[in-house]
Amino acid sequence: MEDIQFDIVMLARKMGMSIEELAEACGIGKAHLKNVSAKVTRMTAEDIKRLSKFTGVPVSNIKSD
């Protein structure tokens, strides 16, 4: 998994969830995560940590933009 970079859509698909479901499961605002997926805003370090913990994908493999 070293080379694979996961964006929000890929993480949601990996978990069999919608972006909204992923946001709720990770304690991240739904609107915020949708804006991240639309490239309107960027993830915070805390967002990345929460997504990593929930999905099991290393922090370094999660795209922040």
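The values are calculated or read from the model by the stated rules, or taken from the named source; none is laboratory data. These numbers were taken from a predicted model, which means no experiment stands behind them. Cβ placement follows ideal geometry from the backbone for every residue including glycine, while neighbour counts extend to all protein chains displayed. All accessible areas refer to the heavy atoms of the entire protein, side chains included, with ligands and DNA or RNA removed. Shrake-Rupley method; radii C 1.70, N 1.55, O 1.52, S 1.80 Å.
Observations on the structure shown:
- 5 angstrom amide H check on Ile62, placed H, neighbours 5+ away: Phe6
- Shown for the chain: the carbon plus sulfur share of the solvent-accessible area, taken with all protein chains present and a 1.4 angstrom probe, equals 51%.
- Förster radius 22 Å - calculated FRET efficiency between Phe54 and Lys34 (Cβ-Cβ, nearest 0.05): 0.85
- Annotation: Cα Rg of the chain relative to the compact-globule expectation 2.2 N^0.38 Å equals 0.96.
- Cα-centre dipole for the chain with unit charges at Cβ (Lys and Arg positive, Asp and Glu negative), debye to 20: 100 debye
- Among Arg13, Arg50, Arg42, the residue with the largest mean-square fluctuation in a Gaussian network model of the chain, with springs joining Cα atoms closer than 10 Å, is Arg13.
- Converting phi to 3J(HN,Hα) with the Karplus coefficients 6.51, -1.76 and 1.60 and the offset θ = phi - 60°, the range 6-23 yields 9, 9, 4, 4, 5, 5, 4, 4, 4, 8, x, 10, 7, 4, 5, 5, 4, 4 Hz in sequence order, with x at every glycine or proline.
- Per residue, the range 2-65 exposes an accessible area of 61 Å² to a 1.4 Å probe, with every protein chain left in place.
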